[in-house]
Each structure stands twice: as structure tokens, then as C-alpha cells.
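Read through the structure below, which is laid out as C-alpha cells, and then see the notes.
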Amino acid sequence: MKKILSLTLLVSLLLVSCSGGETTSQPSESSSEVSVSQSSADSSSSEAASEESEGFTFTDSLGRSFTFEEPIDAVAPSGLLSQLVVYAAAPDTLVGWSNEWSSDGEQYIPEEYRSLPLIGQIYGNNEEFSVEELLARSPDIVLDIGEPKDGMVEDFEALEEQTGIPFVHIDATMETMPEAFTMIGELLGIEDTAKVYADYCDEVYSRTLDIMDKVGDNKTSVLYLTGDDGLNVIAKGSYHAELLDLITDNLAVVDDPSSKGTGNETDMEQIMLWNPDVIFFSPDSAYDTAPTDPLWQGLSAIQSGRYYEVPSSPYNWMGFPPSIQRYLGMMWMETVLYPEDTGFDLKTEVQKYYDLFYHYDLSDEEYAQLTARSLPQE
């Protein structure tokens, strides 16, 4: 679970930024002025504020109401999940990155966006987060997208008090991503653009449900293994297993599923007891070593050659982070596990996704490189 940066540290950083020899930019007066209220706030006060304002009111997924006097055109993403979503639908609103793109993933990002400054992950543990950089960029809002977490309201209120910037949260899972894009469209005033993304997510997810209806009880048994030695597993019921549990018979049943993308620790004895029909290895795991290791050779998936490495550029298609690139993972797994039921061409779908979400024209050669270790050999 994400934890907010120490407020003591945050206050200290702010004091440093405001008292040094050089003047640090504060939130710009031209930024959208905003009032934040809890849903339980006095309704008459809210109505009076609305009458006086020519702006708009937005209620986020935490039930917090925001009144903006001007359109929002400068957004700081709270973390990587938000970064990927905002970059897809409204890249020109971004004032900076929460996370750097990987060296191999950066090639898919157009040059005009690569030069955005690194602010750091604002909500979560990230030593690269810079309060000074955030304030200097004068965002109208910080936008958080993903799963709600305990204490989030209190965390955001504290950050708002210290920075003067509203923190807005929008819930998003694979199933609810269309609603999330609709809310983003309302918030940023890009309803038509957001509808394109909402419709895409709805189409891909609905098609997946149709495919799984055809598959019925005949789901393929799978393990998704991570870690250098392949001895961590994405456990059934964990947040990172949402996609895996939908499409496969995820054999990794453990007492306490980890919420971390690295999964739960296990051992070869347990993996052999599970003995899945198919193994998915995370990038930089045991894909290369397993075929020649005598222990791994005892597994059905290794013997039959039904083991694959998850495509990972710019980010892991299976959800590290668990953001919108999981639609790629959804289509990829369906193609690998149930080719007779898919009814679509994976290359065409991947190229469409890269154009829509990464604003990049993916070539046939680049597609072949992305999937070289990820598809059944013909």
C-alpha cells in the first residue's frame, strides 16, 4: 500500500524552498483557483459559491467537491498510473513526469514530451519527488488515478494545506476504466476525446468477457512468476492479479496475497506442486535460465514449451504498474491461451493501442521485437 511522504519532511522542504537565497516559484496566481469541501459540507454555502463562480464543480471518487473558477489546463500526475492515463488522453496538460520512462521505453515517446521535467511520484514513496519542482510548475491540480486507499482523504487534505494545490482522485480498475475516462473528460473539459478512450476500454473489456464466456470452465492453468530466480508469484486475489484472475485459472492461492507488483515469495517445491500448463515470466526473470535448469525441466509448462516472457515496453503489459497498458496484456494473453476464440489480429490491435495511448506509430519490426519472447513459435 502506498504511504504518504512524511509531513515533517514535506514541511521542511517547503520551508527550505521559501527561505533560501533564491526565490522559489509559488503556485501561480493564474492557476485555477479552487475551493475544496467534503460532501457533508453545508449545502447552502456550496450553492452560494456556485452562484458567484463562473467556473464548475467537480466531485471526485472520494466524494470530495472542488469548485474551479477557470478551466484546468495544467496537471501534475500523482504517480505512474496517473501519468500513463493523462499522457494518453491529455498529454499537453502535463506539467511534468512523476516517473522517468525506461531507456528502452522512451523510444515510443514523441520528442516534444520527453523533455518534460521530472517532478517525482507525489503520492507514495519516491526519493526523487521535489516539492520545489512541483510548486515551480504551478499545476492547477494533482491528479491521482487508481485504487482508493485507507487514509487517502486525510493525506490529500494535508498535502493541499501545505502546497495550496488541490489533489483529485479518480477510481480506476480494468472494469471501471471507461467511467474513469468519462470523469477525466469532465474534469479537464475534453469530453469528446475522453469518450474515444472510454469507448476503446469498454470495447476491449467487453470483448474479453465474451471470449471468457466461450472458454467457460476451460480456463488454462497459469502461474505468473517474477523475481530474478522466478520464485515470486502474483497471487490469486491480489490487486496485481486482476487481469490474470479474469482470463486464467491462476493456481497461485496463498494465505496473504501481496499488494506489491513483485508478488509473494514461494519456492520451487510449491511451484512443482502447482505445476501449471503455462508459465508467464516477468521481464528480467527466469525465462532464459529455466529451460536448461533440471528443476525447472520437471514442470509441464517447460517440457511443452508453453512458457513466455511478458512484453514490457514502455511498461509491463501485465500491470507493473497496474494501469491502462493492461489492455495490451489482456489481448496478448487471450491470443496465447485461446487463439481459436479471439477473432482479432494481435499485431493490428497492438499497433492501434500504441497510436492511441502512446501517440506512436509502431512498425511491424518493432512489434516483432516486442513480442519475440512472448508468443507461441509457429
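The table below gives the values:
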{"read-out": "Subset of region 267-320 that is under 11 Å from Leu225 (Cα atoms) and among the polar types (S, T, N, Q) - its residue that is surrounded by the fewest Cβ atoms within 10 Å (Cβ to Cβ)", "value": "Ser285"}
{"read-out": "Region 207-261, residues that are more than 19 Å from the chain's Cα centre (by Cα), crowded, with 23+ Cβ neighbours inside 10 Å, under 28 Å from Glu349 (Cα atoms) and not hydrophobic (A, V, I, L, M, F, W, C)", "value": "Thr248, Asn250"}
{"read-out": "Evaluation of Leu328 against (1) surrounded by fewer than 21 Cβ atoms within 10 Å (Cβ to Cβ); (2) at pLDDT 95 or above; (3) outside any loop (DSSP other than H, G, I, E, B) (one fails), failing number", "value": "(1)"}
{"read-out": "So Ile324, is it in contact (Cβ under 8 Å) with a residue 12 or more places away in the chain and within 19 Å of Ser98 (Cα to Cα)", "value": "yes"}
{"read-out": "Total residues in region 164-173, condition surrounded by 20 or more Cβ atoms within 10 Å (Cβ to Cβ), over 16 Å from Lys195 (Cα atoms) and at pLDDT below 95", "value": "0"}
{"read-out": "Members of region 341-357 that are modelled with pLDDT of 95 or more and not in a helix (DSSP H, G or I)", "value": "Phe344, Asp345"}
{"read-out": "Residue within region 277-288 that is in contact with a helix residue (DSSP H, G or I) (Cβ under 7 Å, 6 or more places away or on another chain) and closer than 20 Å to Met212 by Cβ present", "value": "yes"}
{"read-out": "Failed item in (1) touching a strand residue (DSSP E or B) at 6+ places or on another chain (Cβ under 8 Å); (2) surrounded by fewer than 22 Cβ atoms within 10 Å (Cβ to Cβ), with Ile145 passing the rest", "value": "(2)"}
{"read-out": "Checklist (1) of a type in the set (A, V, I, L, M, F, W, C); (2) part of a loop (DSSP other than H, G, I, E, B); (3) touching an Asp or Glu at 6+ places or on another chain (Cβ under 6 Å) applied to Ile211, failing item", "value": "(2)"}
{"read-out": "Any hit, region 191-199, residues being of a type in the set (A, V, I, L, M, F, W, C) and closer than 30 Å to Ala290 by Cβ", "value": "no"}
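Listed here are the residues, each with its yes/no results for (1) touching a strand residue (DSSP E or B) at 6+ places or on another chain (Cβ under 8 Å); (2) more than 30 Å from His359 (Cα to Cα).
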residue	(1), (2)
Gly164	no, yes
Phe167	yes, no
Ile184	yes, no
Ser206	no, no
Val215	no, yes
Tyr224	yes, no
Asn250	yes, yes
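The values are calculated or read from the model by the stated rules, or taken from the named source; none is laboratory data. Predicted model only: the values in this text are computed from it and were never measured. Don't worry about glycine lacking a Cβ; one is built from the backbone with ideal geometry, like all the others, and counts go over all protein chains shown.
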